[in-house]
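Structure first, then comments.
Bear in mind these aren't lab numbers, they're just calculated from the coordinates by the rules spelled out. Since this is a predicted model, take the numbers as computed values, not measurements. Cβ coordinates were reconstructed from backbone atoms using ideal geometry, including for glycine residues, and neighbour counts include every protein chain displayed.
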Amino acid sequence: MPWFFRSLMPIRIRNAENLPKDGKAILCCNHMSMTDPLRLAYSQKRQIYFMAKEELFHIKLLAPIIKSLGAFPVSRGKGDKTAIYTARDILDTDRILGIFIEGTRTRDGNFLHPKSGAVMLAHSCHAPVVPCCITPKKGRMPRLFHSCYVSYGAPISEEELGIINGTPSELRNASKLVMARIAELREADLGKSGG
């Protein structure tokens, strides 16, 4: 992690080895700040390719940074087929796809309801899901110059997700399972930070 970002956004990384060293996987994380992709990118040696909302690519200062992190645009709420094809290609070529499973940033630090896109891709591409949680050490929202935990959970296999036919109820249950694993990571980190 470059010293500039390390001073702006200090992180404490836990269990980074849970992200496979090779092969495909979907990294599912909570979403609290526009800086979340930076924290994830600098917590791993492997390149993570992120889905990011299209609007971010129109911000002159931000667009080059997120592109360098491997981000690609998705038009939310429009059934963006190009983004889905890109995501599938990333997984089919044994790379890491990063998805913020809540679909948007929380405004108060509380978890939002998970979306089903991540588990749908996991099912169709036969990829494990690695839960991840960004947890500020003090306070409910990340702030510059304040440390955050970036914690990785054990991979969730395709079988454990329990998706057989891809029904809406299976996808909802699988998404809730991933979100529950993310919540477990937060609970453990809050215990460490006294928060």
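Each label point was placed 7 Å from the Cα along the Cα-to-Cβ direction; for ALA188 and ASN15 their separation is 0.3 nm.
Can you give me the Rg/Rh ratio for the range 5-76, using Cα atoms for both radii and the Kirkwood formula for Rh? Mind showing how you got there, number by number?
Details: Rg = 12.7 Å, Rh = 13.3 Å.
Answer for the range 5-76: 0.96.
Can you give the charge dipole size of the chain about its Cα centre, rounded to the nearest 20 debye, using +1 on the beta carbon of Lys and Arg and -1 on the beta carbon of Asp and Glu?
On the way: 28 positive and 18 negative charges, 168 e Å.
Here the size comes out at about 800 debye.
Put a dot 7 Å past the Cα of GLU159, heading toward its Cβ, do the same for ASP22, and the two dots end up 2.3 nm apart. Straightening the chain between SER124 and SER75 buys 15.6 nm, computed as 0.36 nm per residue apart minus the Cα-Cα spacing. Checking every one of the chymotrypsin sites (Phe, Trp or Tyr not before Pro) in the range 107-187 against DSSP loop status and a limit of 14 other Cβ atoms within 10 Å picks out PHE145.
Quick one: if the Förster radius is 25 Å, what FRET efficiency do LYS138 and PHE57 give, using the C-beta to C-beta distance and rounding to 0.05? Write down the numbers at each step before the final one.
Numbers: r = 33 Å, r/R0 = 1.30.
According to the calculation, E is roughly 0.15.
Where only DSSP H runs of four or more residues are counted, the chain gives -10500 deg cm²/dmol as its mean residue ellipticity at 222 nm, each run worth -39500 (n - 2.57). For the range 34-87, the calculated P(r), taken from all Cα-Cα distances in 10 Å bins from zero up to the bin holding the longest distance, is 24, 52, 23, 0 percent. Over all Cα atoms in the chain, the spread is summed up by Rg and Dmax: 15.7, 47 Å. Taking 4.7 Å between C-beta atoms as the pairing limit, the chain has these partnerless cysteines: CYS28, CYS125, CYS133, CYS148. Among the trypsin sites (Lys or Arg not before Pro) in the range 119-165, those placed in a DSSP loop whose Cβ has at most 13 other Cβ atoms within 10 Å are LYS138, ARG140, ARG143.
For the range 1-58, state which trypsin sites (Lys or Arg not before Pro) are in a DSSP loop and have at most 12 other beta carbons lying within 10 Å of their beta carbon.
On the way: sites: ARG6, ARG12, ARG14, LYS21, LYS24, ARG39, LYS45, ARG46, LYS53; in loops: LYS21, LYS24, LYS45, ARG46.
In loop regions of the range 1-58 (DSSP not H, G, I, E or B), the sparsely surrounded trypsin sites (Lys or Arg not before Pro) are LYS21, LYS45.
Cross-link reach is defined here as a Cα-Cα straight distance under 24 Å, omitting same-chain residues fewer than 8 places apart; for LYS137 the lysines meeting it are LYS45, LYS192. How much of the pair distance distribution for the range 68-168 lies past 17 Å, counting alpha-carbon pairs only, in percent? Within the range 68-168, distances greater than 17 Å cover 61 percent of Cα pairs.
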